[in-house]
Amino acid sequence: MSQQTNITARTAVAEAVRDGRFDAFEQIVAPGSIDHDPGPGRMPGPDGYKALLGALRAALPGLHVAVDHLMAAGEELAFAYTSAGTHRGQLMAQPPTGKTVGYRDVQTSRFDSIDKFTERWGSSDEGGMLRRLGLAEM
């Protein structure tokens, strides 16, 4: 698999989140895909990504994801990105604040021989996001 193919697959994930087309995860994410840093109750495969990113997009409609830095090597892709949106829906059992927020993420992804996303390692500044929304103490 080429580095460009990995980049194209990652771009497809960001576009699916931005556009709310979570059915696209069936073509992008391998059924047994593993998240090495899952959130509570997170299931593997496309359904896990649909649930997680669907809830995030419901809380932050119009969610925008911008890739700040990207490196590809063989079957792996590492990238840093910024997510931003306005808190208009329930987020982690918290009511909407109406505040606009941005936060950074860093991830490494691995792809299989048929260009599907198979593994993810990552770190998100969810605590910082919650503090900026006034939903967690500083």
Kindly provide the helix-only [θ] at 222 nm of the chain, computed as the sum of -39,500 (n - 2.57) over DSSP H runs of four or more divided by all residues, to the nearest 500 deg cm²/dmol?
-9500 deg cm²/dmol
How much of the accessible area of the chain, in percent, comes from carbon and sulfur atoms when a 1.4 Å probe is used?
54 percent
Gaussian network model of the chain, Cα springs within a sub-10 Å range: biggest mean-square fluctuation belongs to which of 97, 86, 118?
97
Mind running the shape call on the stretch 11-92? Use the C-alpha gyration tensor, a ≥ b ≥ c as the square roots of the eigenvalues: rounded below 1.5 for a/c, prolate if a/b tops b/c, oblate otherwise.
oblate
Rounded to 5, the percent of DSSP beta bridges in the chain classed as antiparallel:
90 percent
For the chain, what number results from the quotient of the Cα radius of gyration and 2.2 N^0.38 Å?
1.03
Could you give the angle, 0 to 90 degrees to the nearest 10, between helix 45-59's Cα long axis and the longest principal axis of the Cα atoms of the chain?
30 degrees
So the angle from the long Cα axis of helix 3-19 to the longest Cα principal axis of the chain, reported in degrees to the nearest 10, equals 30 degrees
Top of 87, 36, 64 by mean-square fluctuation, Gaussian network on the chain, Cα under 10 Å
36
Using the Cβ atoms and a cut-off under 13 Å, what net charge is assigned to the surroundings of residue 99, where Lys and Arg are +1 and Asp and Glu are -1?
+3
When only Cα pairs under 8 Å and 6 or more residues apart are kept, what is the percent relative contact order across the chain?
24 percent
Using protein chains only and a probe of 1.4 angstrom, how many square angstrom of residue 26 are accessible, to the nearest 10?
80 Å²
Computed from the beta carbon distance with a Förster radius of 22 Å, FRET efficiency for residue 15 and residue 36 to the nearest 0.05 stands at 0.40
Taking R0 as 30 Å and r as the Cβ-Cβ distance between residue 23 and residue 125, the FRET efficiency 1/(1 + (r/R0)^6), rounded to the nearest 0.05, comes to 0.60
Mind checking the per residue accessible area of the chain for me, 1.4 Å probe, whole number of Å²?
53 Å²
If each K or R counts +1 and each D or E counts -1, the residues other than residue 131 whose Cβ falls under 12 Å of its Cβ total -1
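The values are calculated or read from the model by the stated rules, or taken from the named source; none is laboratory data. Remember, it's a predicted structure, so these values are computed and weren't measured experimentally. Cβ sites come from the backbone with ideal geometry, for glycine too, and all protein chains shown count toward neighbours. Just so you know, the surface numbers come from the protein's heavy atoms only, side chains and all, with ligands and any DNA or RNA stripped out. Shrake-Rupley method; radii C 1.70, N 1.55, O 1.52, S 1.80 Å.
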